[in-house]
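Some notes on the structure that comes next.
No lab work stands behind these numbers, since they all come straight from the coordinates. Since we're looking at a predicted model, the values are computed, not measured. All Cβ positions, even for glycine, are placed from backbone atoms using ideal geometry, and neighbour counts span all protein chains on display.
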Amino acid sequence: MRVLVIGANGKVGKILVKKLKDSAHEPVAMVRDTDQIPQFEDIGVKTVLGDLEKDFDKAFYGIDAAIFAAGSGPHTGPDKTVLIDQEGAIKSVELGERFGLQRFIMLSSMGADDPAAGPKAMQHYLYAKHRADERLENSDLNYTIVRPGGLTNQPGTGKVNLKGKLDEFGSVSREDVAETLAYLLSVPRADKRTFELVNGDQEIGEVLAY
């Protein structure tokens, strides 16, 4: 599939693009600025300009699937969080419906199912993620929502714990998150489901395989 990576210039997005490049899929990196293009073209990945705070409809032309990996981060102000993590994500879902995408994967966050229970400083972020997830769940798209725990920059282990609901909060490397997102594109048992993700002992390539 031709996969649009929304938020390709982010920490997870950059890794995800490379993972997809090495898979059976063809990534298309959506970037906001022209100076972000060369890093992807240098590795043979096509790019398309799109700003989540503006009109980015054209980014969806010729696309089969999309992975929303953009994010303002939990430490930005509520205004920016709403624009990117909520409204940008919701607009992406709506465009996915309009263009008839085969798959849509949302990178969310643990705690998005119950924002009020999360740390006060992160509640605006979790509420934004919650609303975006809810819109996707109520869409016509064949979706998967992945809610990782705390993100680290440690090298990936290739092993995770992926369940609908985990017993406790944990962490996971950005590399393992990216590999999981790429993998789930082609896993039928992930269709129309929401998962939490942390470090674990199951090989990513065996998750939901049987």
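What residues qualify as long-range amide H neighbours of L101, i.e. H under 5 Å apart, gap of 5 or more or another chain, H built at 1.01 Å from N?
Amide H neighbours of L101, under 5 Å, 5+ apart: none.
Once you have a ≥ b ≥ c as the square roots of the Cα gyration tensor eigenvalues for region 45-203, tell me rounded if a/c is under 1.5, and otherwise prolate or oblate according to whether a/b is larger than b/c.
Details: a/c = 1.57, a/b = 1.18, b/c = 1.33.
Note, shape of region 45-203 comes out oblate.
Which of these, V82, V93, V146, has the largest mean-square fluctuation under a Gaussian network model of the chain (Cα springs below 10 Å)?
V82
Starting from the amide H of T194, placed 1.01 Å from N in the peptide plane, find each other amide H under 5 Å away whose residue is 5 or more places distant or on another chain.
Counting only residues 5 or more places away or on other chains, the set is I145.
Grab the other residues whose beta carbon is less than 13 angstrom from that of R2, score K and R as +1, D and E as -1, and report the net.
Details: positive: K21, K46, R103; negative: E26, D64.
Once all neighbours under 13 Å are counted, the net charge is +1.
In region 1-121, if every C-alpha pair distance is counted and binned at 5 Å from zero, what percent goes to each bin?
Cα pair-distance distribution for region 1-121, in percent: 2, 11, 22, 25, 18, 12, 6, 3, 0.
Among V12, V48, rank each residue by its count of other Cβ atoms within 10 Å, from fewest to most, as a rough exposure measure. Provide the component values of the computation, followed by the final result.
Details: V12 23, V48 19.
Fewest-to-most ranking of V12, V48: V48, V12.
Counting only residues 5 or more places away or on other chains, whose amide H sits under 5 Å from the amide H of E26 once H atoms are built in the peptide plane?
HN-HN under 5 Å from E26: R2, V3.
Counting only helical runs of four or more DSSP H residues, what would the 222 nm mean residue ellipticity of the chain come to if each run contributes -39,500 (n - 2.57) and the total is spread over all its residues?
Numbers: 6 runs with 55 residues, N = 210.
Taking each H run of at least 4 residues, the total per residue is -7500 deg cm²/dmol.
Give me a comma-separated list of calculated 3J(HN,Hα) values for region 92-103, in order, Karplus coefficients 6.51, -1.76, 1.60 applied at θ = phi - 60°, integers in Hz, x for any Gly or Pro.
For region 92-103, the Karplus-derived couplings read 5, 4, 4, 5, x, 5, 4, 8, x, 5, 6, 9 Hz, x marking Gly and Pro.
May I ask what percent, to the nearest 5, of DSSP beta bridges between residues of the chain are antiparallel?
Just about 15 percent of them are antiparallel.
Sorting check: for 127-138, 24-35, which peptide has the highest mean count of neighbouring beta carbons within 10 Å, and how do the rest follow?
Ranked by mean Cβ neighbours within 10 Å, highest first: 127-138, 24-35.
Please report how far the C-alpha centroid of region 55-111 lies from that of region 181-210, rounded to the nearest whole angstrom.
Their Cα centres are 20 Å away from one another.
Could you work out the relative contact order of the chain, using alpha carbon pairs under 8 angstrom and six or more residues apart, expressed as a whole percent?
Rounded, it is 18 percent for the chain.
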